[in-house]
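Below: one structure, written as structure tokens.
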Amino acid sequence: MVIMDSGFEIIRFSDSRYEKITVEISYKGEQIAQINKDRGNNLIEIEILVDYITTSFSPKFLFNDFLDALNEARNILENAQQRLVKRIHEFRFSQLMGK
């Protein structure tokens, strides 16, 4: 989880609707977006969420703060994929060395 000074939080998680890791962006405790890259690195999708826990919540924030949160979310997605590939290679290597 990444907590930003601007009030955004970025959380990496797995959603059963998607094949790959997804990232949730929250603002002041309310989930406002979900990002996935099931279609590939160059086709990252964002789902803007509108059902909030607090009915009076208004997703209003500075444009640059939101861009920073989006960039952080993309970095988390990219790093998650790299870590997964590394773990798979390490596992395969350990299996080969163990035999």
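The values are calculated or read from the model by the stated rules, or taken from the named source; none is laboratory data. Computed from a prediction, not measured in an experiment: that's the story for all the values here. Because the Cβ atoms are built from the backbone with ideal geometry, glycine has one as well, and the counts that use them run over all protein chains shown.
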How many residues are of a type in the set (Gly, Ala, Ser), closer than 22 Å to Ser16 by Cβ and exposed (fewer than 13 other Cβ atoms within 10 Å of the Cβ) if we restrict to region 31-81? 1
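Between Asn36, Asn71, Asn75, which is touching an Asp or Glu at 6+ places or on another chain (Cβ under 9 Å) and either of a type in the set (Phe, Trp, Tyr) or within 18 Å of Ile11 (Cα to Cα) (or both)?
Asn36
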Considering region 49-99 alone, what residues qualify as being at pLDDT 90 or above, part of a helix (DSSP H, G or I) and among the hydrophobic types (A, V, I, L, M, F, W, C)? Phe63, Phe66, Leu67, Ala69, Leu70, Ala73
